[in-house]
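What follows is a set of notes on a single structure, which appears directly below.
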Amino acid sequence: MPTPARSALLLAGLLASAGVAHFVAPKQFDATVPRALPGSPRTWTAASGAVELALAAGLVVPATRRASAHATALFFAGVFPANVKMAYDWRHRPAPARALAYARLPLQVPLILWARRAARAEG
């Protein structure tokens with residue numbers, strides 16, 4: 001399997017794992033939903049988990065990989081406010097937890113770039 005295709009499948013695995021986690025342990029995700037969003041945080045948690053699962057499925061299928069990869073890059077940019085909220089909310093936690101929350105912020109950039117590269121993967 002060519003390396004770009006393998007990379008797209010690894011990204012699909014990451015998204016699928018995160019998507020499942022949204023349904024298995026939703027409380028931790030509910031807490032990161034910005035208050036400015038309308039509706040219940042649980043609704044947003046379930047919706048984002050479902051989107052992650054759909055994006056993962058799209059990355060696995062070569063015919064939909066390009067579109068799904070572009071959508072994944074947009075998704076990673078779109079969930080950035082949740083990471084900002086988490087970093088803000090965790091600002092008074094112990095140093096290791098704070099470091100984790102702050103590390104998530106710049107991590108979005110390589111995730112977006114990874115998704116963009118996956119858009120170029122063939123079969």
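The values are calculated or read from the model by the stated rules, or taken from the named source; none is laboratory data. None of these values were measured; they are calculated from a predicted model. Please note: Cβ atoms are built from the backbone with ideal geometry, for glycine as well, and neighbour counts cover all protein chains shown. All accessible areas refer to the heavy atoms of the entire protein, side chains included, with ligands and DNA or RNA removed. Shrake-Rupley method; radii C 1.70, N 1.55, O 1.52, S 1.80 Å.
Accessible area of R66, 1.4 Å probe, to the nearest 10 Å²?
Taking all protein chains as shown, R66 has close to 150 Å².
State, as an integer percentage, the relative contact order of the chain based on alpha-carbon contacts under 8 Å between residues 6 or more apart.
34 percent
Taking 2.2 N^0.38 Å as the expected size of a compact globular protein, what ratio does the Cα radius of gyration of the range 1-70 give against it, to two decimals?
1.25
Which label belongs to the value computed from this structure, given these candidates for Cα Rg over 2.2 N^0.38 Å: (i) 1.02; (ii) 1.23; (iii) 1.10?
From the options (i) 1.02; (ii) 1.23; (iii) 1.10, the structure gives (iii).
Which of the three applies to the range 67-123, rounded, prolate or oblate, going by the alpha-carbon gyration tensor with a ≥ b ≥ c and a/c under 1.5 meaning rounded?
Prolate is the answer for the range 67-123, as a/c is 1.5 or above and a/b outweighs b/c.
Report, in degrees rounded to the nearest 10, the 0 to 90 angle that the Cα long axis of helix 62-78 makes with the longest principal axis of the chain.
20 degrees
Whole Å is fine, so just give me how far the alpha carbon centre of the range 1-47 lies from that of the range 98-113.
If you average the Cα positions of each part, the centres end up 15 Å apart.
How large is ³J(HN,Hα) for each residue in the range 6-11, as worked out from phi by the Karplus curve 6.51 cos²θ - 1.76 cosθ + 1.60 (θ = phi - 60°), to whole Hz, x for Gly and Pro?
Here the 3J(HN,Hα) series is 5, 4, 5, 5, 5, 5 Hz.
Once ligands and nucleic acids are excluded and a 1.4 Å probe is used, how much of H70 is accessible, expressed in Å² to the nearest 10?
My reading of the accessible area for H70 is about 80 Å².
Return the sequence-ordered ³J(HN,Hα) values of the range 90-103 in whole Hz as given by the Karplus equation 6.51 cos²θ - 1.76 cosθ + 1.60 applied to θ = phi - 60°, using x for Gly and Pro.
So the J values, rounded to whole Hz, are 8, 4, 9, 6, x, 3, x, 5, 4, 4, 4, 5, 6, 5.
Placing +1 at every Lys and Arg Cβ and -1 at every Asp and Glu Cβ, with all other atoms neutral, what dipole size does the chain have around its Cα centre, in debye to the nearest 20?
Here the size comes out at about 240 debye.
Apply the Karplus curve 6.51 cos²θ - 1.76 cosθ + 1.60, θ = phi - 60°, to the phi angles in the range 24-35 and return the couplings in whole Hz, x for Gly and Pro.
7, 9, x, 4, 5, 7, 3, 5, 9, 6, x, 4
In square angstrom, rounded to the nearest 10, how much accessible surface does L9 have for a 1.4 Å probe?
60 Å²
With all protein chains present and a 1.4 Å probe, how do W114, W44 order by accessible area, largest first?
Listed by decreasing accessible area, they come as W44, W114.
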